[in-house]
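Chemist: Here it is: the structure, laid out below.
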Amino acid sequence: MERRWWKEAVVYQIYPRSFNDSNGDGIGDIKGITEKLDYLSDLGVDVIWLSPVYKSPNDDNGYDISDYQAIMDEFGTMADFDEMLEEAHQRNIKIMMDLVVNHSSDEHAWFIESRSSQDNPKRDYYIWKAGKDNGKAPTNWGAAFGGSAWEYDQNSDEYYLHLFSKKQPDLNWENPRLRREIYDMMSWWLDKGVDGFRMDVINFISKDPAYPDAKVQKGSKYGDGSPYYLNGPKVHDYLQEMNKEVLAKYDTITVGEMPGVNVEEGKLYTGEDRHELNMVFHFEHVSLGDGKYGKWAPEKWKLTELKRIFTKWQKGLEEDGWNSLYWSNHDQPRAISRFGNDSENYRITSGKMLATCLHMMQGCPYIYQGEEIGMTNVSFASIDEYRDIETINAYHSFVEEEQILTHDQLMDAIHKRSRDNARTPVQWSENSYAGFSDVEPWIDVNSNYKEINVKKALQNPDSIFYYYKRLIELRKEYPIIVYGSYDLLLEDHEQIYAYTRNFGNEQLLIILNFSEEEVEFKLPSKINFTQQELLISNYDVKVSESIESLVLRPYEARVYLLK
Ligand code: TEU
Ligand code: CA
């Protein structure tokens, strides 16, 4: 197993719009990030994944880019960016930019030219097709945010593909001139000193050239086109070309966001000698509980399923390739609300347990802003308080247009799974607007900000913040956490998640109670040791207590170093 600096890194994701507002306009910004770099340095993170800060009309909050080499007006200036980059580097924090190149904004100069006429030189920077003779779109695919994946352009009498919103036209990666433009832009940012890229839906960039119709689920209006754009025929060619033309010339950290990727493909994307990417985000665990209408009809999830998924990925990439470890991001609900217990009694304990579960595994742990202080989901009473295009479109189509779900059913699903759960302002203090801004923010603050905020966390030695800080310190101190092999214990246990890590003559034993009940833990006989050292726990534990058999308290987490 090759040692690499990025394999030892802990990454912190910032969603700038909701992180910190420095100029009192209610919107987070780059100077607001610079103001908090000492806080992140204290936490001990090595890399910041910065969600998009490029010029954008914000149809999808920055994931619709209209100029890849300019800063979004609301977020500040390029000088602010350069200052933030410099200040981060002075604190040994690297900056990983969000590269959104499966699509651009429809307000990008390339698209404005492309749509101007069928023979414009930039026409095939995007994916244009004539409609079917019966006046239908080129294929029956649905878009991620609702409606058809094709938008008819009257002026040039063709349809363009948009797998997300109609203001996010897909770029045509078949076109070498387009690919060259992307590579030049990437090099431009790397020459400025940024340290790598998180690549947005990067496994969507190669489409099946046949553009066939897809199967239409009973009751759905559109087909699921994903078999024709997920992990497509040339995706590895493009990534290997990107690596050769750009990445290999710099010492970068890269991660591909890959909905629908499986472990076998994960190996192809991240294998050392594949020369593609360092690691991937898969979606298997965050799809647990997806019901008939995906996240909009969420069902209970089972711990045995979660353990099977994590174990598959830990074992699958153990010899080659690298995992990204995450519970949440700007698209997912808050970890404690989804996988832990956000009640008064168990929020902090279960937050520490979830952190232990992830941070003791092999791979790079990602901390989503506010996760380190145990921020929770939000329950806005009205759909009018939500801002996310995906949530709003779902409400209009499921409740108003197709009337498949009732208002209450969808609001319940929104409270559980809306992306806005992760996008309420970071709660810095008990001051108005949680210290995020001096004015009403672009999205309401979670009403629990007086109990849950950074200031309070920093004043409480038993807070989740200091627990994350200790987990990060342990990762720096014990190579076994980064490089040790993983093995699952008690595979069928419905409440306990226990696993080991092995490295040389050392063994880590991680014991987690994912339930609200007290549960008896019996140490499997195959675990042999003569010395035990408790590295971290979320309850007071007698360090000499025998671990042969334990009664685990609700959401109890323990990590032992065994020799
Ligand atoms: O997300 C990719 C993606 O598949 C999301 O649509 C995700 O599956 C969904 O939001 C979960 O409900 C990336 C970005 O992370 C997301 O914020 C963007 O909206 C999307 O791509 C388009 O750029
Ligand atoms: Ca601002």
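Chemist: Distances longer than 24 Å among the Cα atoms of segment 1-125: what percent of all pairs is that?
Modeler: Working: 2849 of 7750 pairs.
Cα-Cα pairs of segment 1-125 separated by over 24 Å account for 37 percent.
Chemist: Could I ask something else about it? Identify the residues of segment 172-195 with backbone N under 14 Å of a label point that sits 7 angstrom from the Cα of Tyr211 along the Cα-to-Cβ direction, or state none.
Modeler: Only 172-175 pass the distance filter.
Chemist: Antiparallel versus total DSSP beta bridges in the chain: what percent is that, nearest 5? Don't skip to the answer; put the middle values down first.
Modeler: Numbers: 40 of 66 bridges.
Here the share of antiparallel DSSP bridges comes out near 60 percent.
Chemist: Let me ask you something else. For segment 109-161, what is the per residue volume of the convex hull drawn over the alpha-carbon atoms, in cubic angstrom?
Modeler: Each residue corresponds to 81 Å³ of Cα convex hull volume.
Chemist: What pairs from Lys302/Lys522; Lys167/Lys218; Lys7/Lys267; Lys300/Lys416; Lys36/Lys456; Lys215/Lys302 go past 18 Å between their alpha carbons? Provide the component values of the computation, followed by the final result.
Modeler: On the way: Lys302/Lys522 21 Å; Lys167/Lys218 28 Å; Lys7/Lys267 15 Å; Lys300/Lys416 11 Å; Lys36/Lys456 16 Å; Lys215/Lys302 29 Å.
Pairs exceeding the cut-off: Lys302/Lys522; Lys167/Lys218; Lys215/Lys302.
Chemist: Assuming 0.692 mPa s and 37 °C, estimate D for segment 153-199 with Stokes-Einstein, Rh taken as the Kirkwood radius over Cα pairs, in µm²/s.
Modeler: Estimated diffusion coefficient is 251 µm²/s.
Chemist: Let me ask you something else. Using only the alpha carbons, work out the radius of gyration and Dmax of segment 484-562 in angstrom.
Modeler: That works out to 11.8, 35 Å for Rg and Dmax.
Chemist: Give a residue-ordered list of calculated ³J(HN,Hα) values for segment 153-165 (Karplus: 6.51 cos²θ - 1.76 cosθ + 1.60, θ = phi - 60°; whole Hz; x for Gly, Pro).
Modeler: With the stated coefficients, segment 153-165 comes to 10, 3, 4, 10, 6, 9, 9, 10, 7, 9, 5, 10, 7 Hz.
Chemist: Using only the Cα atoms of segment 121-277, what do you get for the radius of gyration and for Dmax, in Å?
Modeler: 16.9, 52
Chemist: Output needed: percent of Cα pairs per 10 Å distance bin for the chain, bins running from 0 to the one holding the longest distance.
Modeler: Computed distribution, short to long bins: 3, 17, 28, 28, 17, 6, 1, 0.
Chemist: In the calculated pair distance distribution of segment 217-368, what percentage of Cα-Cα distances lie above 19 Å?
Modeler: On the way: 6900 of 11476 pairs.
Value for segment 217-368 (Cα pairs over 19 Å): 60 percent.
Chemist: Could you grab the Rg to Rh ratio for segment 381-493? Cα atoms only, Kirkwood for Rh. Don't jump to the answer; show the numbers that get you there.
Modeler: Numbers: Rg = 20.1 Å, Rh = 17.7 Å.
Rounded to two decimals, Rg over Rh is 1.13.
Chemist: Tell me which residues come under 5 Å, amide H to amide H, from Leu489 once H is placed; ignore anything under 5 positions away on its chain.
Modeler: Under 5 Å from the amide H of Leu489 lie the amide H atoms of Ala498, Tyr499, Thr500, each far enough along the sequence or on another chain.
Chemist: Calculate for the chain the 222 nm mean residue ellipticity that helices alone would give, adding -39,500 (n - 2.57) per DSSP H run of length 4 or more and normalising by residue count, nearest 500 deg cm²/dmol. The partial results should precede the final answer.
Modeler: Values: 15 runs with 141 residues, N = 563.
About -7000 deg cm²/dmol.
Chemist: Here's a follow-up. Across every pair of different alpha-carbon atoms, what Kirkwood hydrodynamic radius in Å does segment 359-426 reach? Kindly include the intermediate steps, with their values, before the conclusion.
Modeler: Values: mean 1/r = 0.0740 Å⁻¹.
Mean inverse Cα-Cα distance, inverted, gives 13.5 Å.
Chemist: Further question: Spelling out what I want: for every residue of segment 51-63, take phi, set θ = phi - 60°, compute 6.51 cos²θ - 1.76 cosθ + 1.60 (Karplus), and round to whole Hz; glycine and proline get x.
Modeler: For segment 51-63, the Karplus curve yields 4, x, 10, 6, 3, 7, x, 6, 5, 10, 6, x, 8 Hz.
Chemist: Could you tell me which GluC sites (Glu not before Pro) in segment 527-563 are loop residues by DSSP with no more than 16 other beta carbons within 10 angstrom of their beta carbon? Working shown, then result.
Modeler: On the way: sites: Glu533, Glu545, Glu548, Glu556; in loops: Glu545, Glu548, Glu556.
Answer by residue number: Glu545, Glu548.
Chemist: Evaluate the distance, in nm, between pseudo-label points positioned 7 Å from the Cα of Asp73 and of Asp119 along their respective Cα→Cβ axes.
Modeler: Inter-label distance under the simple model: 3.7 nm.
Chemist: A further question on this structure: Between Tyr54 and residues 5 or more places away or on another chain, which pairs have amide H atoms under 5 Å apart, with H built 1.01 Å from N, and which residues are they?
Modeler: It is Met72, by chain and number.
Chemist: Give the residue from Asn513, Phe503, Leu490 lying farthest towards the positive end of the charge dipole for segment 464-519; charges sit on Cβ (+1 for Lys and Arg, -1 for Asp and Glu) and the dipole is referred to the Cα centre.
Modeler: Phe503
Chemist: Sorted by average packing, counted as other Cβ atoms within 10 angstrom per residue and highest first, what order do 415-425, 482-492, 339-349 take?
Modeler: So the order, starting with the most tightly packed, is 415-425, 339-349, 482-492.
Chemist: Summing Lys, Arg as +1 and Asp, Glu as -1, what charge do residues with Cβ under 12 Å from the Cβ of Asn513 carry, Asn513 excluded? Walk me through the intermediate numbers first.
Modeler: Values: positive: Lys352, Arg553, Arg558; negative: Glu494, Glu516, Glu517, Glu518, Glu520, Glu556.
Net charge in that neighbourhood comes out at -3.
Chemist: Per residue of segment 553-563, in order, report the coupling 6.51 cos²θ - 1.76 cosθ + 1.60 (Karplus, θ = phi - 60°) as ³J(HN,Hα) in whole Hz, putting x for Gly and Pro.
Modeler: In residue order, the calculated couplings are 7, x, 6, 6, 10, 9, 10, 10, 9, 10, 10 Hz.
We did not get these values from a lab; they are worked out from the coordinates using the rules stated. Since the model is a prediction, treat every value here as computed from it, not as a measurement. For neighbour counting, all protein chains shown are included, and Cβ atoms are generated from backbone atoms with ideal geometry for every residue, glycine included.
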